[in-house]
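To keep things clear, I will list the structure first and then write my remarks on it.
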Amino acid sequence: MNPSGRVGFPQMAAHPDIQSEQAHIDRAYARVEAMRAAAAARRQEVLANGRGGTHQAREERDVIVRSSLAREEQLKLGSEALVFGRVDQLSGDAFHIGRLAVSDDDQEPLVVDWRAPVAEPFYRATGRVPMGLVRRRHFVTEGARIIGIEDEILDIDAAEQSDLVGESALLAALERSRSGTMRDIVATIQAEQDDIIRAPLPGVLVVQGGPGTGKTAVALHRAAYLLYTHRFPLERQGVLVIGPNPLFLRYIEHVLPSLGETGVTLSTISGLYQQHRPVGVDRPLAARVKGDVRMAKVVARAVQDRQRGLRADLRVPYGAYSLRLSAAASADIVQSVKRRPGPHNARRRQVEGLVLRRLFEQLELASDRAARTGLRESPAEMDFEDFAEDVRHLPEVRLALDRMWPLLLPEELLHDLYGARALIELAGRRWLDEAERKALRRSRSESLEAISWTVADVALLDEASVLLGPRRRRRPDDPPLIRTFGHVVVDEAQDLTPMQLRMVARRSLAGSMTIVGDIGQATGPRSPDSWDDVLSHLPARKPSRLVELTVNYRTPLEIMEVANRVLAAAAPHLRPPTSVRSGGRAPDVRLAADPRELAETSRAEAVALQEEIGGTVAVIAPASLVGLLTEAVGAATEVRLEAPVSVIGVAAVKGLEFDGVVLVEPAAVAAESAQGLRALYVALTRATKRLVVVHTEPLPEVLELTSAGQDPPPGERP
C-alpha cells in the first residue's frame, strides 16, 4: 500500500517457488482430465449396453448417465484457473485451494475446494487472528500458468499489514479488462465478503453494498457455497437467483458454472410468471399504484366480487317439471362457499354441487307431491348422479354458475377489472383514492392475447393466480402452479415493489433468502427508505440479518469523489463505500453545441477510450437518446456486452461494469428517471478505469465538473 493509504498498481517479483508450484498445478490439471475421461467412459459403457432390461435397470442406467454428464460438466474449467492459492498450517500441513476438489490415485488431496472448512482461513485469516496459518500464498495465473506468487506471513510481529487479503493478486484481478461477462472472485474473496458467503442458511440475509463492493459476486458465491455445504436438501429443492433484467442475467450466467454449479435457476422478476412477457409501459402513477401492497387487498376483493348471487330466479325445465333456484337461495350458496377454504376456481365444483343438490331436492318434492295427488304415477327411484349429469350441462345452468362463481384466468380477472369502472370502484374504494383508481383504468382489448401487459401487471397476475388456482382440475403429474426453492437470491432488491416482493416470498420454501442491493441505488417507482421496508414483505420465520459491504474495489477514487456528491444530495443518510483504488485521473467533461454534435462527440470519446484502455466501453444515456446514440456509434440494437463499444439506457445498466464509460447528458438522466439523482449515481459508478461526461444541457450542480480546463472544445483531447 502506498504512503497515501491508497492501493497502487502491484509489481510482483519472480518467486523461487514458481517452478515447483507449477509442477503441482500441472499434476492437478492432469488428474482433472483423467477424472473427466473416467466419467465419459462410464457414461459410454452404460449407453453401449442398450436400452433394454427391466424397469429398475433402465432407471439405474439413466441415473448413471445423468450423474456422469453432470460430473463432466463440473470438471470443465474453461479459461479459469483451477488453483489460485495455498495455506500453510502451524501443524506443517499445506493445502492448495482451488475451484473444486481434486485427489490423486491414492485419494490424497491435490486441491481443496474453496468452500471446504480447511479453506476458510485462506479468506479470513489476519495477522492478529491467523486461524492456524503461518503463511497464505496467492497465485496470479493466466489459465493454467503461474505468472506470479504473493506470500503473506501471518505474524502479529510482522510489518503493518493491509486490510486487503492477497493485495497484489486482488489488484491484478481488478486491473484485468472486462469481457462483457462477470467473472467469479473465488481467488480474491476478502474477509468481509467471506463472512457473508459462509453465513448460515436459515432466514433472510440482507446484504447492503454500495457500488463496486462485489455484492452480486458475493451473492452468487454464497449460492455456490450453500449448494456445497447443504448439498442434500438444496440440490433437490433448488436455488433461484433473481436479477433485474435479462441483460444482467446474461452478464452473470457464467459465474456459477465456473464454480462447478450448473443446476441454479436464473430469472428476472417477470420471468417468475412465465405466461407472459411484459411489453407495455405504465404511466408513473399507475406503476406506483400497481406496486403498492394495497393492491393485494384490491385483487382479493376483485375475486370476491365475482362470487355473487343471481339477479333473478333460475328456472330449469326437467321433463314434466320446472325446477327453480331463487335468487336468495343462490346468494346463500355463494356465502356458504365463500366461508370455505381453497382457491376460487377449485370451489366452483362446490357451488355447482350445492346448486344441483337444491334443484334435485325440488325434483324429489315435486314428484312425491304429484304421486300423492294422483296426477302422476310415482316415478322409479331417482339417482342424484344421473340427475346432475343431465342438468349440469344445460345452458341456463351453465350461465347461472358462470354468474355465481365463474372459472377465471388471472388475465381475465385483471382485464375485466381494468376495463370496468364499476369493478374498480367495488374492489378499490376502501383502499385507493379516486386518482389511484382512475390510474388503473384501461381500455378493453379485443382478446386476452392482444393485451400489452406491463412489468407491474405481472406481480398482480401472480397474486391473482394464487387466489384463483388452476382453471381445470389438476392431474397428479402436473407441475406445481408456483415452484418453490430451498434458497432464493435476489439482486438489486431495493428496486422491487411490495407486490413483487410478495412474488419472491412465494418462491421460498422455508424462508431462506439472500437479499442483495443498495438503498442508495434505488431507482424503482417506490424507493424504500430502509431495508426494513423490504423485509416487511418477506418471510419472517427466522430472524433476519443485515450486513454491509464497505469497500469499493471497482470504482477509482477520482470517480467516486464525484459520485459521492450526488449520493449526498440524493440520500444524505447513506454512507458510501470506501474506494481502495486510484485511477490517477478525474472524469473528463466534453461540451457539445447541439444533439448532432452530442452524438458525434459521444462516439468519438467512446472509440478513443476503447483504443486507450481496451476492454469494454459503454455509452450510458437517458432513454430518449438511446436511439440517436446507437445509430451514431454503430452499435447493435440489442445490447451485446461483449462488444468493444455498446450503447445502454440508464435503466438497464444497474449491476454492470465496464472499463470505460461515456455518460451522456447527465441532466436528462436525472430528469427522466423516477428517482432522479439516484439513477445518475448508478450511471456514474459503472466504470472501472475511466469516465467521460458529454453534455449539451447544463450539468446538475451536484456534479461540480465545470472547473476551468475541463471543457475544451469538442474533439480536442488533453
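Of the residues making up the range 552-577, those that are in contact with a Ser or Thr (Cβ under 6 Å, 6 or more places away or on another chain) and either farther than 24 Å from Leu699 by Cα or open to solvent by 60 Å² or more (accessible area, probe 1.4 Å) (or both) are Asn552, Arg554, Pro577. Considering only residues that are assigned to a loop (DSSP other than H, G, I, E, B), closer than 25 Å to Asp151 by Cα and at pLDDT 90 or above, which ones fall in the range 173-212? Arg198 - this is the single residue of the range 173-212 that is assigned to a loop (DSSP other than H, G, I, E, B), closer than 25 Å to Asp151 by Cα and at pLDDT 90 or above. Listed by first and then second residue, the pairs linking a residue in the range 615-638 that is farther than 20 Å from Leu677 by Cα to a residue that is of a type in the set (Ser, Thr, Tyr) and assigned to a strand (DSSP E or B), with Cβ atoms under 7 Å apart and 6 or more places separating them unless they lie on different chains, are Ala635/Ser646. Restricting Arg66, Arg58, Arg71 to residues that are at pLDDT below 90, under 30 Å from Pro121 (Cβ atoms), open to solvent by 60 Å² or more (accessible area, probe 1.4 Å) and part of a helix (DSSP H, G or I) narrows the list to Arg71. For the range 74-87, filtering for residues that are modelled with pLDDT of 85 or more and either in a loop (DSSP other than H, G, I, E, B) or open to solvent by 20 Å² or more (accessible area, probe 1.4 Å) (or both) leaves 3.
Scanning the range 8-55 for residues that are in a loop (DSSP other than H, G, I, E, B) and modelled with pLDDT of 85 or more, we see that the one that is farthest from His96 (Cα to Cα) is Pro16.
Within the range 432-454, residues that are under 13 Å from Asp292 (Cα atoms) sit with their Cβ atoms under 8 Å from residues that are aromatic (Phe, Trp, Tyr) and not in a loop (DSSP other than H, G, I, E, B), at 6+ positions apart or across chains, in these pairs: Leu440/Tyr418.
Taking the numbered list (1) modelled with pLDDT of 55 or more; (2) farther than 22 Å from Ala224 by Cα; (3) open to solvent by 30 Å² or more (accessible area, probe 1.4 Å); (4) of a type in the set (Val, Ile, Thr) in turn, Ile156 passes all entries but (1). Per the conditions (1) open to solvent by 80 Å² or more (accessible area, probe 1.4 Å); (2) over 30 Å from Glu361 (Cβ atoms), the sole criterion not satisfied by Leu432 is (1). For the range 215-237, state whether one or more residues are open to solvent by 10 Å² or more (accessible area, probe 1.4 Å), under 11 Å from Thr514 (Cα atoms) and in contact with a helix residue (DSSP H, G or I) (Cβ under 7 Å, 6 or more places away or on another chain). Among the residues of the range 215-237, at least one is open to solvent by 10 Å² or more (accessible area, probe 1.4 Å), under 11 Å from Thr514 (Cα atoms) and in contact with a helix residue (DSSP H, G or I) (Cβ under 7 Å, 6 or more places away or on another chain), which makes the answer yes. Within the range 288-340, being open to solvent by 20 Å² or more (accessible area, probe 1.4 Å) and either of a type in the set (Ser, Thr, Tyr) or under 26 Å from the mean Cα position of the chain (by Cα) (or both) holds for Arg288, Val293, Arg294, Lys297, Tyr318, Tyr321, Ser322, Ser326, Ser336. Inside the range 608-644, residues that are buried (at least 20 other Cβ atoms within 10 Å of the Cβ) and at pLDDT 85 or above make up a count of 14.
Annotation note: Cβ proximity below 6 Å between a residue of the range 243-261 that is at negative phi and at pLDDT 90 or above and a residue that is part of a helix (DSSP H, G or I) and open to solvent by less than 30 Å² (accessible area, probe 1.4 Å) (sequence gap 6+ or interchain) occurs for Gly243/Leu249.
The listed residues are Arg541, Arg506, and the only one of them that is surrounded by fewer than 14 Cβ atoms within 10 Å (Cβ to Cβ) and in contact (Cβ under 8 Å) with a residue 12 or more places away in the chain turns out to be Arg541. The C-beta contact set for the range 326-340 (first residue within 14 Å of Leu356 (Cα to Cα) and assigned to a helix (DSSP H, G or I), second residue of a type in the set (A, V, I, L, M) and open to solvent by 10 Å² or more (accessible area, probe 1.4 Å), distance under 6 angstrom, 6+ apart or interchain) comprises Ser330/Leu310; Ile333/Leu354. Condition (residue is assigned to a helix (DSSP H, G or I), modelled with pLDDT of 95 or more and within 26 Å of Ala679 (Cβ to Cβ)) applied to the range 418-432: is it met by at least one residue? No, every residue in the range 418-432 fails to be assigned to a helix (DSSP H, G or I), modelled with pLDDT of 95 or more and within 26 Å of Ala679 (Cβ to Cβ). Here Gly280 qualifies as over 20 Å from the mean Cα position of the chain (by Cα) and surrounded by fewer than 21 Cβ atoms within 10 Å (Cβ to Cβ).
Does the range 368-390 contain any residue that is touching a residue at least 24 places away in the same chain (Cβ under 8 Å), over 30 Å from Arg507 (Cα atoms) and in a loop (DSSP other than H, G, I, E, B)? Yes: one or more hits. Of all residues in the range 653-667, those being of a type outside the set (A, V, I, L, M, F, W, C) and within 21 Å of the chain's Cα centre (by Cα) number 3. Exactly one residue among Ala604, Ala593 is surrounded by fewer than 16 Cβ atoms within 10 Å (Cβ to Cβ) and modelled with pLDDT of 90 or more, and that residue is Ala593. Filter the range 114-130 for residues that are part of a loop (DSSP other than H, G, I, E, B), touching a strand residue (DSSP E or B) at 6+ places or on another chain (Cβ under 9 Å) and either modelled with pLDDT of 90 or more or at positive phi (or both) and give the result. Correct list: Trp114, Ala116. Candidates in the range 578-590 are the residues that are at pLDDT 90 or above and either basic (Lys, Arg) or buried (at least 21 other Cβ atoms within 10 Å of the Cβ) (or both); of these, the one that is farthest from Ala493 (Cα to Cα) is Arg590.
The values are calculated or read from the model by the stated rules, or taken from the named source; none is laboratory data. Everything numeric in this text was worked out from a predicted model, so none of it was measured. Note that each Cβ is placed from the backbone with ideal geometry, even for glycine, and that neighbours are counted across all protein chains shown. The accessibility values were calculated without ligands, DNA or RNA, using every heavy atom of the protein model including side chains. Shrake-Rupley method; radii C 1.70, N 1.55, O 1.52, S 1.80 Å.
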